[in-house]
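Reviewing the structure listed below.
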Amino acid sequence: MSQENSIRPWGQYHKFYQENGVWIKRVEVNIGGRLSLQKHQSRSEKWIIVHGFGVAIVDDKEIPVSPGVVVDVPLGAVHRIGNVGKEPLVFIEVATGDYLAEDDIIRIQDDYSRG
């Protein structure tokens, strides 16, 4: 079981649980921030919104999010989430897959010019 904190240009996350095949993170997106448009080759994700308001993109769908909404991100789906509210957007991410690591991110578009 590992724990990890990471500051990102869009906000931060705290990975508070990981074992073979699963991790759980608390993700906080700053006001006006959004994650890169991305996909993964080795993991699927579920996002459980706990605070704030945002818009999630999963393939061609725009999904308004607020507390209690669950977003399913299937393996290989192009996705992102952004904060459109006036306070931090907080969600719990549950990722499952054969390989769980940050280098599984394939960025398609990024507001912060990361590769």
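Things worth noting here:
- Within the stretch 10-24, being closer than 17 Å to Gly82 by Cβ and either open to solvent by less than 70 Å² (accessible area, probe 1.4 Å) or among the hydroxyl-bearing types (Ser, Thr, Tyr) (or both) holds for Trp10, Gly11, Tyr13.
- Close contacts from the stretch 19-40, counting a first residue that is closer than 12 Å to Gly52 by Cα and a second that is open to solvent by 40 Å² or more (accessible area, probe 1.4 Å), with Cβ to Cβ under 7 Å and a gap of 6+ residues or different chains, come to Glu28/Gln12; Glu28/Pro88; Val29/Pro88; Asn30/Pro88; Ile31/Lys86; Ile31/Glu87; Ile31/Pro88.
- Whichever residue in the stretch 86-107 is in a strand (DSSP E or B) and open to solvent by 50 Å² or more (accessible area, probe 1.4 Å) and, among such residues, is nearest to Asn30 (Cα to Cα): Arg107
- The condition of being closer than 20 Å to Ile106 by Cβ, in contact with a strand residue (DSSP E or B) (Cβ under 7 Å, 6 or more places away or on another chain) and hydroxyl-bearing (Ser, Thr, Tyr) holds for only one of Ser66, Ser42, that being Ser42.
- Hits in the stretch 27-44 - residues which are open to solvent by 40 Å² or more (accessible area, probe 1.4 Å) and either over 19 Å from Ile57 (Cα atoms) or hydrophobic (A, V, I, L, M, F, W, C) (or both): Ile31
The values are calculated or read from the model by the stated rules, or taken from the named source; none is laboratory data. Please read these numbers as outputs of a predicted model, since none were measured by experiment. Positions of Cβ are backbone-derived with ideal geometry, glycine not excepted, and every protein chain shown enters the neighbour counts. Accessible surface is based on the protein model in full, side chains and every heavy atom, while ligands, DNA and RNA are left aside. Shrake-Rupley method; radii C 1.70, N 1.55, O 1.52, S 1.80 Å.
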